[in-house]
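The values are calculated or read from the model by the stated rules, or taken from the named source; none is laboratory data. Please read all numbers here as calculations on a predicted model, not as lab measurements. Here the Cβ positions follow ideal geometry from the backbone for every residue, glycine too, while neighbour counts run over all protein chains shown. Accessible surface is based on the protein model in full, side chains and every heavy atom, while ligands, DNA and RNA are left aside. Shrake-Rupley method; radii C 1.70, N 1.55, O 1.52, S 1.80 Å.
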Amino acid sequence: MAKKQKTFKPKARLPRGFGDRSPSDIRATDEMVAKIRKVYELYGFDPVETPMFEYTEALGKFLPDTDRPNAGVFSLQDDDDQWVSLRYDLTAPLARHVAENFQNINLPYRTYRNGWVFRNEKPGPGRFRQFMQFDADTVGAPGVQADAEMCMMMADTMEALGIARGDYVIRVNNRKVLDGVMEAIGIGGDEDADKRLSVLRAIDKLDKFGTEGVSLLLGEGRKDESGDFTKGAGLNGEQTKQVIAYIETGDVDGNEGVTELANIDKLVRAAGYDEDRIKIDPSCVRGLEYYTGPVFEAELLFDVTNEKGQKVQFGSVGGGGRYDGLVQRFMGQAVPATGFSIGVSRLMTALKNLGKLGAEEALAPVVVCVMDRDTESLGRYQKMVQSLREAGIRAEMFQGNPKNFGKQLQYADRRGCPIAIIQGADERDKGEVQIKDLLEGKKIAAEIESREEWTEARAAQFPVPEADLVAEVRKVLNRYCGDAV
RNA sequence: GCAGCUGUAGCUCAGUUGGUUAGAGCGCCGGAUUGUGGAUCCGGAGGUCGAUGGUUCGAGACCAUCCAGCUGUACCA
């Protein structure tokens, strides 16, 4: 009566913030990436990739301290004790690449890349700790025409992905303008650096909380849904009023940034991009540290219903801006650059819900059933499968336990297979195979009451000469997916 | 980080004021049916009740601490 031995049983669970990718997610992503790449290639950009790991200091992070060695980024110590980190975006690694290969790079340097990036922070709905970005950058182009082109390319990409004009907008602003506003309300000095940061963060939340919420955040602070209090920037009433007025009008006196924005505006209009595609927007803030001039953001304007049936505003699906200081970190020499990233994972979810992707699911394979289990027969089944594959038809031989024939059809049914091929001794003697149209049979099954009736009917099934197998299978498949096979 | 909510089978959940051996549906496996998918019927496996400590004759339930998850918020290069 020995007690049952306890063995360690790990819980099957994903690390939080990470997700497995389904066949349809992978196919949808591939489809998207191909479309984006096509646009970037048209604009004359070339692919360049960097690895997922970089030295932590190259990413511009402080070395991890002993208390929280992974704050924000995933970091680990290499066997030579040097800290390395998983990249958290594609821009910082590109700056490293440019600085390291500066001699061999022909400026302006126009490149794109897509890949996984990692952020070690709390995940939320639609926010993961691993996600894919698609990035394009022009390095060595100081003028606003490079920024204008980025905006145009973003707009073209949205449309190439099937997002209708009017369902997206590229919002453009300039960090210099925002700095000018803060100077105007008297918080331009070094002693107010923290306050400026709070003000920028407050403005950035306009689409989330509205003018009212932003006013609260600029002033005393704001209570969230759970009742927790967020401290505000501490501006007085008059200052708050001025900031709100700026957000609503975009007016700032005599500012270099305003001129730059006006030039971008002229450029994109001249190129045929109207306000419904690229729009100057004073509330667009974006990344607070490294941007030095124009910033831009791609926003989806439609609601999406998620799997729980709730309406969700997707909002920003990509953004970027000018980062003239990032390469300089490595070289001392100023190297202007501008670029943007698209959040592929986020955008993919939105497009899938919209029905713009994965409409044509790959058809499940034809299954060749196993009736006789002797080696010779198995070889014959495998040969049928091969002939189907050679004709470009997805096919497989049943690989499970073939003892119970019903299980084989159950398997095929659950996978959504269109056809099962059956050949037992009876058919073989006649030189035939049975083609069973499972999709047609499913329709018939709905009208049948008893199992006996169903079993006897051998629904939607017909014999063909073995030599005609491929042609007959193709005939049935064409009924379901036309030209796909 | 802060705040709110929630942890019971693979999944979704029930479990009465604290009371015997912790249940259901779905899913899974086997059988009815060794040559035919769905439906039906029968049987089976699957649980340290998130963890530890406490209160109690007795805790899945009550208390404390911790952990995890979800939601909001903050941070986000």
_Close pairs from segment A:246-265: first farther than 17 Å from A:LEU218 by Cβ and surrounded by fewer than 19 Cβ atoms within 10 Å (Cβ to Cβ), partner at pLDDT below 85 and of a type in the set (Lys, Arg), Cβ under 8 Å, at least 6 apart_ = none
*Would you check if there is a residue in segment A:119-126 being surrounded by 15 or more Cβ atoms within 10 Å (Cβ to Cβ), farther than 20 Å from A:VAL285 by Cα and more than 16 Å from RNA strand B (Cβ to nearest atom)?*
no
*Report, by residue number, each residue of segment A:81-103 that is touching an Asp or Glu at 6+ places or on another chain (Cβ under 9 Å) and under 15 Å from A:GLY115 (Cα atoms).*
A:LEU86, A:ARG87, A:ASP89, A:LEU90, A:THR91, A:ALA92, A:PRO93, A:LEU94
*Would you please name the residue that is surrounded by the fewest Cβ atoms within 10 Å (Cβ to Cβ), looking only at residues in segment A:96-118 that are aliphatic (A, V, I, L, M) and away from RNA strand B (no atom under 16 Å from the Cβ)?*
A:LEU107
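For (1) open to solvent by less than 70 Å² (accessible area, probe 1.4 Å); (2) β-branched (Val, Ile, Thr); (3) within 12 Å of RNA strand B (Cβ to nearest atom), each residue gets a yes or a no:
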position: A:LYS436; (1), (2), (3): yes, no, yes
position: A:LEU439; (1), (2), (3): yes, no, yes
position: A:LYS442; (1), (2), (3): no, no, yes
position: A:ALA460; (1), (2), (3): yes, no, yes
position: A:ASP468; (1), (2), (3): yes, no, no
*Among (1) closer than 30 Å to A:GLU149 by Cα; (2) open to solvent by 20 Å² or more (accessible area, probe 1.4 Å); (3) in contact with a helix residue (DSSP H, G or I) (Cβ under 9 Å, 6 or more places away or on another chain); (4) not aromatic (Phe, Trp, Tyr), which single condition is A:ILE36 missing?*
(2)
*Give the residue that is modelled with the highest pLDDT, with candidates limited to residues of segment A:159-206 that are among the small types (Gly, Ala, Ser) and within 16 Å of RNA strand B (Cβ to nearest atom).*
A:ALA202
*Any idea how many residues of segment A:259-293 are among the acidic types (Asp, Glu) and in contact with a Lys or Arg (Cβ under 8 Å, 6 or more places away or on another chain)?*
3
*Mind counting the residues in segment A:128-145 that are open to solvent by 10 Å² or more (accessible area, probe 1.4 Å) and in contact (Cβ under 8 Å) with a residue 60 or more places away in the chain?*
11
*So which of A:ALA155, A:ALA141, A:ALA136 ends up being in a loop (DSSP other than H, G, I, E, B) and under 21 Å from A:ARG322 (Cα atoms)?*
A:ALA141
*Working only within segment A:411-428, note down all residues that are within 16 Å of A:GLY400 (Cβ to Cβ), in contact (Cβ under 8 Å) with a residue 24 or more places away in the chain and either open to solvent by 30 Å² or more (accessible area, probe 1.4 Å) or under 32 Å from the mean Cα position of the chain (by Cα) (or both).*
A:TYR411, A:ALA412, A:ASP413, A:ARG415, A:CYS417
